[in-house]
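Asks: Just passing along the structure, written as C-alpha coordinates.
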Amino acid sequence: MSARTRKANAAKSVVRSCVEHVFARQKGPMGMAIRTIGMARAKATITLANMAYNMNRWRWLDSRTASA
(Lines give C-alpha, C1' and ligand atoms only; values in the text may rest on other atoms or scores of the structure.)
Protein backbone atom coordinates (compact mmCIF):
# COMPACT_ATOMS: atom_id res chain seq x y z
CA MET A 1 0.00 0.00 0.00
CA SER A 2 1.39 3.38 -0.93
CA ALA A 3 2.10 6.08 1.63
CA ARG A 4 -0.57 8.28 0.06
CA THR A 5 -3.22 5.55 0.45
CA ARG A 6 -2.17 4.88 4.06
CA LYS A 7 -2.46 8.58 4.88
CA ALA A 8 -5.90 8.81 3.26
CA ASN A 9 -7.11 5.72 5.13
CA ALA A 10 -5.86 7.14 8.42
CA ALA A 11 -7.77 10.38 7.88
CA LYS A 12 -10.95 8.50 7.00
CA SER A 13 -10.66 6.16 9.97
CA VAL A 14 -10.59 9.08 12.43
CA VAL A 15 -13.92 10.37 11.15
CA ARG A 16 -15.39 6.88 10.83
CA SER A 17 -14.53 5.96 14.43
CA CYS A 18 -16.19 9.13 15.77
CA VAL A 19 -19.39 8.45 13.86
CA GLU A 20 -19.53 4.72 14.56
CA HIS A 21 -19.14 5.21 18.31
CA VAL A 22 -22.30 7.33 18.31
CA PHE A 23 -24.25 4.68 16.38
CA ALA A 24 -22.98 1.94 18.68
CA ARG A 25 -24.09 3.91 21.73
CA GLN A 26 -27.54 4.52 20.25
CA LYS A 27 -28.05 0.91 19.20
CA GLY A 28 -26.67 -0.69 22.37
CA PRO A 29 -27.43 1.01 25.69
CA MET A 30 -30.08 3.34 24.26
CA GLY A 31 -31.82 0.47 22.45
CA MET A 32 -32.63 2.43 19.31
CA ALA A 33 -34.54 0.46 16.72
CA ILE A 34 -36.51 2.06 13.91
CA ARG A 35 -39.87 0.30 13.77
CA THR A 36 -42.09 2.91 12.24
CA ILE A 37 -44.13 3.23 9.09
CA GLY A 38 -43.11 6.12 6.87
CA MET A 39 -40.04 8.25 6.44
CA ALA A 40 -41.39 11.17 8.48
CA ARG A 41 -41.81 9.02 11.60
CA ALA A 42 -38.44 7.34 11.07
CA LYS A 43 -36.77 10.75 10.78
CA ALA A 44 -38.54 11.91 13.94
CA THR A 45 -37.36 8.81 15.81
CA ILE A 46 -33.78 9.34 14.70
CA THR A 47 -33.95 13.05 15.58
CA LEU A 48 -35.19 12.27 19.09
CA ALA A 49 -32.50 9.61 19.56
CA ASN A 50 -29.84 12.09 18.44
CA MET A 51 -31.19 14.72 20.82
CA ALA A 52 -31.14 12.25 23.72
CA TYR A 53 -27.57 11.23 22.87
CA ASN A 54 -26.44 14.85 22.67
CA MET A 55 -28.08 15.73 26.00
CA ASN A 56 -26.44 12.76 27.71
CA ARG A 57 -23.08 13.69 26.17
CA TRP A 58 -23.49 17.32 27.25
CA ARG A 59 -24.38 16.25 30.80
CA TRP A 60 -21.27 14.07 30.95
CA LEU A 61 -19.01 16.79 29.54
CA ASP A 62 -20.49 19.37 31.92
CA SER A 63 -19.88 17.15 34.95
CA ARG A 64 -16.23 16.70 33.91
CA THR A 65 -15.55 20.43 33.60
CA ALA A 66 -17.39 21.32 36.83
CA SER A 67 -15.24 19.01 38.96
CA ALA A 68 -11.90 19.88 37.34
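The values are calculated or read from the model by the stated rules, or taken from the named source; none is laboratory data. Since the structure is predicted, the reported quantities are computational estimates derived from the model, not experimental observations. Using ideal geometry, Cβ is built from the backbone for each residue, glycine included, and neighbour counts are taken over all protein chains shown.
Asks: Just one of (1) loosely packed, with under 10 Cβ neighbours inside 10 Å; (2) at pLDDT below 90 trips up A3, so point out which.
Replies: (2)
Asks: Looking at (1) modelled with pLDDT of 90 or more; (2) part of a helix (DSSP H, G or I), find the lone condition where I37 falls short.
Replies: In the conditions (1) modelled with pLDDT of 90 or more; (2) part of a helix (DSSP H, G or I), I37 misses (2) alone.
Conditions tested, residue by residue: (1) surrounded by 10 or more Cβ atoms within 10 Å (Cβ to Cβ); (2) under 12 Å from the mean Cα position of the chain (by Cα).
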residue	(1), (2)
A8	yes, no
V15	no, yes
C18	no, yes
F23	yes, yes
M30	yes, yes
R35	no, no
G38	no, no
R41	yes, no
T45	yes, no
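Asks: Quick one: Y53 ticks every box in (1) in a helix (DSSP H, G or I); (2) over 16 Å from the mean Cα position of the chain (by Cα); (3) not small (G, A, S) bar one, so which box is it?
Replies: With respect to (1) in a helix (DSSP H, G or I); (2) over 16 Å from the mean Cα position of the chain (by Cα); (3) not small (G, A, S), Y53 is out only on (2).
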